[in-house]
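Undergrad: First, the structure itself, so that you have it in front of you.
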Amino acid sequence: MSTPGSLGGYAKGPFSVDWEERYDMARLRRDRVAAAQRELAEAGADGLMVWKDENVRYLTSLRAQLIAGKTMALNGALLQSGEEPVLLCSGGEIDKARAGMDWIAEAHAIPIMEQAELVDGFVRSILRPILVERGLDSGRLGVDAASVSFIEALRAHLPEVEVIDGDTIMQRARLIKTDVEIAIIEEACAIGDAVTQRALDETRAGRRELEVAGDAMQTLFHLGGEMAHVITPFVASGEHMSPPHRLATDKLMRNHDLCFIDIGAMWNGYFADIGRTTVIGRPSRQQREIYTAVYEGLKAGIDKMRPGLTNADAAEAVVSKIAEFGLADHLFSLFIGHGIGVGANEPPYIGESMPGATVCEFEPNMVFAVEPLVWVPEVPGGGGVRIEDMVLVTEGEPRVLSRVEYEERLLL
C-alpha cells in the first residue's frame with residue numbers, strides 16, 4: 001500500500017477527505033526544514049535568513065498577501081541548526097500567523113523592508129535581539145537576497161556577523177523533491193492543465209488575447225489555484241509570437257493565427273508551468289513545419305532527462321533535432337528549460353547560454369519545465385511556436401506530468 005504523498009502518477013484531488021490519504025502537509029513542512037538545515041550545515045553557516053517569497057514559503061508555509069513590486073520586502077524567516085524557523089512577517093500577517101500556524105513557535109511583525117530608516121530600526125530593535133538570544137550575533141549568516149540598506153544596517157548593528165550566500169543553500173535544499181512535494185506538483189499540473197485547456201477552448205477569431213487570459217484565470221481561481229505561473233498571463237497570437245510578446249494584449253485573434261498559451265498554476269505553494277500552441281483555422285505548411293520541429297525537439301530533449309545524463313545532453317538533443325528542420329538559428333534567445341517547484345523558475349537550467357551556465361547531472365525527483373521556442377519572422381499569421389511540458393526525472397524513463405493534448409492540426 002502506498003504511503004501518504006507517495007508517487008501515484010496522478011492528481012488525487014485538492015480536498016481533504018476521510019476515505020483516502022492524500023497530502024501530508026505536516027510531513028512536508030518537517031522535511032523542508034530538515035533539508036534546509038542539512039544544506040545549512042554543509043555550507044558551514046551558523047544561521048540563514050531568507051526574504052524571497054519562495055524561500056519564506058518553503059521554510060514556514062506562510063501564504064501571504066503579495067503586493068506588486070514589493071517582492072523580498074514583506075516577509076522573511078530565520079533558520080538555525082536544530083531549531084524551528086522564526087517567522088518575520090508583515091504586520092498584516094502576524095495575527096493570522098499566531099492564530100492559525102501552530103507549527104510556527106515564534107513570529108515577529110516587521111515593517112516593509114524598503115525605507116532605510118525602517119530597515120535600520122528593524123535590524124537594531126527586532127533582529128539584533130533575536131540573533132543575540134540565539135548566539136548568532138557573530139559568525140556566518142546566510143542571506144538569500146537583501147537591499148543595500150539591510151546590509152548596511154547589519155554592518156552597523158551586527159559588525160561581527162559575516163554575510164554569506166544563502167540563496168544557493170536554499171536552491172540545494174529545494175533541488176530534489178520529496179514524494180509529498182511531487183504529489184502536490186501533480187495536483188498543480190492538473191489545475192494547470194485545466195487552465196490551459198480553458199484558454200485553448202476559448203481561442204477563436206474575433207476574441208482578444210486579454211479575454212482568453214481572463215477566461216483562463218477564472219478557471220484557475222475556480223479550481224483553487226493560488227496564482228498563475230507568470231504574473232502577466234502569456235497569451236500571444238499571430239505576429240505577437242514573431243518575436244514573442246510575453247503577455248496578453250488587446251490584440252484581436254484572427255483566422256490563420258498561431259496562438260500560444262502559457263499561464264500555468266500554483267497550488268499549495270508549488271508551480272506548474274504548461275504551454276501549448278494552437279491555430280485558428282487552417283495552418284500554412286510553414287507553420288506546421290515550425291510546430292513539428294518544436295514538438296520533435298521537445299520530445300528529443302525529454303528523452304535525455306535520465307540519471308547519468310546532463311542538462312547539456314538534453315539541450316543538445318533539442319537543438320540537434322530542431323536543426324534537422326533547418327530552424328536551429330531561430331531558437332528563442334532564452335534557456336530551453338528550468339527547474340520548478342516552490343520557485344516558478346529555479347536552477348538548474350536546460351540550454352542556458354549566458355556566461356556562468358553550469359552543467360549538472362539529472363537525479364531522480366528533480367522536476368523541470370521544458371519549453372523550446374522557435375520563431376520565424378514575416379510568416380502570415382505568425383511563425384512562433386512554443387510547447388512546454390512538466391517533466392519528472394525518475395530512476396528510469398522521464399515522466400511527463402502535464403497532459404494537455406498537442407495540436408494535431410499543426411503536426412506534419
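Undergrad: Any idea how far apart GLU83 and HIS222 come out in nm if each label point goes 7 Å out from Cα toward Cβ?
TA: 4.8
Undergrad: Okay, next question. Determine the sum of side-chain charges near LYS321: Lys and Arg each +1, Asp and Glu each -1, restricted to other residues whose C-beta is under 12 angstrom from that of LYS321.
TA: -2
Undergrad: By DSSP, what percent of the beta bridges with both residues in the chain are antiparallel, rounded to the nearest 5?
TA: The answer is about 75 percent antiparallel.
Undergrad: Fully extended, how many nm does the chain gain between VAL148 and VAL132 (0.36 nm per residue separation, minus their Cα-Cα distance)?
TA: Here the answer is 3.5 nm.
Undergrad: What percent do you get for the relative contact order of the chain when only Cα pairs under 8 Å and 6+ apart count?
TA: 14
Undergrad: Further, regarding this structure: Among 290-303, 388-401, what's the highest-first ranking by average C-beta atoms within 10 angstrom per residue?
TA: In descending order of packing, they fall as 290-303, 388-401.
Undergrad: Another one. Gap in Å between the Cα centre of the range 48-102 and the Cα centre of the range 373-391?
TA: Value for the Cα centre distance between the two parts: 39 Å.
Undergrad: Also: Name the residue farthest towards the positive end of the dipole of the chain from the options LEU223, TYR23, TYR270, assuming +1 on Cβ of Lys and Arg, -1 on Cβ of Asp and Glu, about the Cα centre.
TA: Farthest towards the positive pole: LEU223.
Undergrad: What nm distance separates the two modelled labels at ALA323 and ILE67, each placed 7 Å from Cα along Cα→Cβ?
TA: Output for this residue pair reads 5.1 nm.
Undergrad: Counting other Cβ atoms within 10 Å, which GluC sites (Glu not before Pro) in the range 142-182 have at most 15 and lie in a DSSP loop?
TA: Passing both the DSSP loop test and the Cβ count: GLU160.
Undergrad: Then there is this: For a Förster distance of 25 Å, can you work out the FRET efficiency between the beta-carbons of GLN286 and LEU210, rounded to the nearest 0.05?
TA: 0.35
Undergrad: A follow-up question, please. Are there trypsin sites (Lys or Arg not before Pro) in the range 127-169 that DSSP puts in a loop and that have at most 15 other Cβ atoms within 10 Å, and which ones?
TA: Passing both the DSSP loop test and the Cβ count: ARG134.
Undergrad: What shape does the chain take by its C-alpha gyration tensor, where a ≥ b ≥ c are the square roots of the eigenvalues and a/c under 1.5 counts as rounded, a/b above b/c as prolate, and the rest as oblate?
TA: Prolate.
Undergrad: Among ASN255, LEU412, GLY139, whose Cα lies farthest out toward the positive end of the dipole of the chain, if unit charges sit on the beta carbon of Lys, Arg (+1) and Asp, Glu (-1)?
TA: Most positive-ward Cα: ASN255.
Undergrad: DSSP H helices in the chain with Cα extent of 24 Å or more along the helix axis and mean Kyte-Doolittle hydropathy at least -1.0?
TA: 25-42, 179-202, 285-303
Undergrad: Compute the distance in nm between two label points, each set 7 Å from the Cα along the Cα-to-Cβ direction, one at GLU106 and one at TYR10.
TA: Using points 7 Å along Cα→Cβ, the separation is 4.7 nm.
Undergrad: Using helices alone, what [θ] at 222 nm do you get for the chain, with -39,500 (n - 2.57) per DSSP H run of 4 or more residues, divided over all residues and rounded to the nearest 500?
TA: -10000 deg cm²/dmol
FYI, it's all coordinate maths here, none of it is from the lab. Fair warning: this is a prediction, and the values are worked out from it, not measured in the lab. Virtual Cβ from ideal backbone geometry, glycine too; neighbours counted across all protein chains shown.
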